[in-house]
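Encoded as structure tokens, the structure appears first; notes follow it.
The values are calculated or read from the model by the stated rules, or taken from the named source; none is laboratory data. Computed from a prediction, not measured in an experiment: that's the story for all the values here. Quick reminder, even Gly has a Cβ in these numbers, built from the backbone with ideal geometry, and neighbours come from all protein chains shown. The accessibility values were calculated without ligands, DNA or RNA, using every heavy atom of the protein model including side chains. Shrake-Rupley method; radii C 1.70, N 1.55, O 1.52, S 1.80 Å.
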Amino acid sequence: MSEVPPLAIVRCDHCQARFLPHPGLCPRCGSDELVRTEIPAHATVLAATELLAPAAGWPSPHRLAILEATESVRILAIVRGPLPTLGSVVAVRRTNDLYEVVLPSPG
Amino acid sequence: MRVAVTAAGVGRFGKRSETLIDLLCEAGREALDGIGRKPVDLLVVAHMAGGTFAGVENTAAKVADQLGLDTSAGFRVEAASASGAAAFHAAVPLVAAGGYDRALVIAGEKMTDLPSAEVARVLARSLAPMEIAHGATMPGLAALVASRYLTRYGVGEDALDAVTVAARAAAARNPNAQFPTAVTSAQVRESRPIALPLRLLHCSAVSDGAAALVLERTAGPAGVLGLGQATDHIELVERPDLTSFRATQVAAKRAYEAARQTRKEVDFAELHDAFAPFALLDLEDIGITGPGEGAAWFLNGSTASDGRFPVNPSGGILGRGHPVGASGLVQIAEVARQLRGESGPMAIARRPKRGLAQSIGGLGSHNFVTLLGDTGGGGR
Ligand SMILES: [Zn+2]
């Protein structure tokens, strides 16, 4: 498993919801008691797709996955390689405000 | 709530040469003809993005003028791909409260003027900025929902194919449908991949079209029994469950409660199948089947016109075409026509007493459920 830095998330002190950094108030309860914290950057692949009619500016195929990290935080992430197996655990990294699945280093 | 749909008008869906205003007025005129052109004092118009798709704004006043509704009241309503349902939900309480005697509700969209890549970009504006930044599209997110659903419940892709096959078979009986030809599951499976597991024939098409109906404070075979709507988190990943649309579940609960009815009293439904997997979720979200069971209902014919619970006898969004702003209202119009015995070749096998329309705005972020049924009075 690749070594990756932890992911920044936000915890709502009012309803305990956890989610990725997000504009505005807690999406679950509307509270502003939001605290930044971190979780390990490893997550289970819940769903994956290969877009063969991607949005303008993206290569075809463009691959996306939904991952579930600890504390039920879900992440939409770009996959710049073969689609990972559903149910497998992958590393995820945030670069320039985009989440990406970290591909295993060759060899 | 003694308000009923007393007339409906539905234009032809597909590529149309007319303007958005003309399409709205065509459907509006048909609905007004249905009540013998009695005066209307409220006009509610809906489209999702007429300004961008068709270069037109101030649509309520323009439609009122073209239909000769001199100095009626009115406004435009927007809720993404559920805009047509939102217009209906806005108009009903205004008529019920006695503020207006008779409302004309019209919804439409004119999408085919723009290149399809541009249409896709406009539709994606309903999504979260974070999703757009990651290159997500409507079909891409629908495919992720499908991926999770199929895996979680051990359902095969043939269930998605069955939804399309059923929709297209029904659309062949709808004179206004964009796709009036049946397809086989092999044709669905061989169609071009869009966002796997979704293929072209699992996805609704860009379309032009409009629908209209008249609401009056009266009883009738298509009375308004209950309305429900709900929003949900814009980002798909923030929702508690990927294999259902909570906004539909909550909207349905609210509509059933308002109607003092349960799902068991509903005879059929028009469901929002902009993507084939949505039909499976929809059937579960309105409570007709349990989680993961929707697929079996489509595979074994339970949702056919002569099945246990007919779904989308008009061909649904997959067969009818998806002029986004129109879809939520044409569903309600088709439910009303079934209840009023006006569906012609689309009529379901047993004359229904109660029907449900379910509309999805965005990627399930603002959904509407409408229950219509016989409220007595006999008035046709
Ligand atoms: Zn909270």
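Could you please find all residues in region A:20-37 being within 10 Å of chain B (Cβ to nearest Cβ) and within 9 Å of the ligand (Cβ to nearest atom)? Working first, answer last.
Kept after step one, since they are within 10 Å of chain B (Cβ to nearest Cβ), are these residues of region A:20-37: A:20-23, A:27-28.
Hits for region A:20-37 are A:27, A:28.
So which residues in region B:41-66 are in a loop (DSSP other than H, G, I, E, B), open to solvent by 20 Å² or more (accessible area, probe 1.4 Å) and among the aliphatic types (A, V, I, L, M)?
Hit for region B:41-66 is B:48, nothing else.
What are the residues in region A:1-10 that are in contact (Cβ under 8 Å) with a residue 60 or more places away in the chain and either near the ligand (Cβ under 9 Å from one of its atoms) or among the hydrophobic types (A, V, I, L, M, F, W, C) (or both), if any?
Of everything in region A:1-10, those that are in contact (Cβ under 8 Å) with a residue 60 or more places away in the chain and either near the ligand (Cβ under 9 Å from one of its atoms) or among the hydrophobic types (A, V, I, L, M, F, W, C) (or both) turn out to be A:1, A:4, A:7, A:8, A:9.
From (1) more than 16 Å from the ligand (Cβ to nearest atom); (2) more than 21 Å from residue B:239 (Cβ to Cβ), pick out the condition that doesn't hold for residue A:46.
Tallying (1) more than 16 Å from the ligand (Cβ to nearest atom); (2) more than 21 Å from residue B:239 (Cβ to Cβ), residue A:46 fails exactly one: (2).
Restricting the search to region B:90-110, which residues are in contact with a strand residue (DSSP E or B) (Cβ under 6 Å, 6 or more places away or on another chain) and in contact (Cβ under 8 Å) with a residue 60 or more places away in the chain?
Passing the criteria: B:91, B:92, B:95, B:102, B:103, B:104, B:105, B:106, B:107, B:108, B:110.
Could you list, in sequence order, all residues of region A:80-98 that are surrounded by 15 or more Cβ atoms within 10 Å (Cβ to Cβ) and facing chain B (nearest Cβ under 7 Å)?
If the condition is that a residue be surrounded by 15 or more Cβ atoms within 10 Å (Cβ to Cβ) and facing chain B (nearest Cβ under 7 Å), then A:86 is the only one that fits.
Only residues that are within 11 Å of chain B (Cβ to nearest Cβ) and open to solvent by 40 Å² or more (accessible area, probe 1.4 Å): list them for region A:54-79, please.
Just the residues of region A:54-79 that are within 11 Å of chain B (Cβ to nearest Cβ), to begin with: A:54-69, A:72-79.
Within region A:54-79, A:56, A:57, A:58, A:59, A:60, A:61, A:63, A:68, A:72 meet the criteria.
Quick one: count up the residues across region A:4-22 that are open to solvent by 80 Å² or more (accessible area, probe 1.4 Å) and more than 16 Å from the chain's Cα centre (by Cα).
The total comes to 2.
For residue B:322, all conditions in the list (1) farther than 12 Å from residue B:268 by Cβ; (2) part of a helix (DSSP H, G or I); (3) under 12 Å from the mean Cα position of the chain (by Cα) hold save one; what is the number of the exception?
The failed condition is (2).
Give the residues of region A:38-53 that are more than 8 Å from chain B (Cβ to nearest Cβ) and either open to solvent by less than 10 Å² (accessible area, probe 1.4 Å) or at positive phi (or both), sorted by residue number.
At the first step, the residues of region A:38-53 found to be more than 8 Å from chain B (Cβ to nearest Cβ) are A:38-45.
Scanning region A:38-53 gives A:39, A:41, A:43, A:45.
Do any strands (runs of 3 or more DSSP E) lying entirely in region B:196-273 carry at least 1 residues that are among the charged types (D, E, K, R), and which ones are they?
B:208-216, B:268-270
Among residues belonging to region B:67-79 that are closer than 23 Å to residue B:122 by Cα and open to solvent by less than 70 Å² (accessible area, probe 1.4 Å), point out the one that is nearest to the chain's Cα centre (by Cα).
Out of the qualifying residues, it is B:79.
Within the bounds of region A:62-74, is there any residue that is without any contact (Cβ under 8 Å) to a residue 24 or more places away in the chain, assigned to a loop (DSSP other than H, G, I, E, B), within 17 Å of residue B:242 (Cβ to Cβ) and within 16 Å of the ligand (Cβ to nearest atom)?
no
Only residues that are crowded, with 18+ Cβ neighbours inside 10 Å and not hydroxyl-bearing (Ser, Thr, Tyr): list them for region B:232-245, please. If you could, list the steps in order and put the result at the bottom.
Filtering region B:232-245 down to residues crowded, with 18+ Cβ neighbours inside 10 Å leaves B:232-239, B:242-245.
Within region B:232-245, B:232, B:233, B:234, B:235, B:236, B:237, B:238, B:239, B:242, B:245 meet the criteria.
Do any residues in region B:135-159 that are open to solvent by 10 Å² or more (accessible area, probe 1.4 Å) have Cβ atoms under 8 Å from those of residues that are acidic (Asp, Glu), where the two are at least six apart or on different chains, and which pairs are they?
As it stands, the answer is B:150/B:157, since those pairs meet every condition given.
Are any of the residues in region B:174-197 open to solvent by less than 40 Å² (accessible area, probe 1.4 Å), among the aliphatic types (A, V, I, L, M), within 20 Å of the chain's Cα centre (by Cα) and at the interface with chain A (Cβ under 9 Å from one of its Cβ atoms)?
The answer is no, given that none of the residues of region B:174-197 is open to solvent by less than 40 Å² (accessible area, probe 1.4 Å), among the aliphatic types (A, V, I, L, M), within 20 Å of the chain's Cα centre (by Cα) and at the interface with chain A (Cβ under 9 Å from one of its Cβ atoms).
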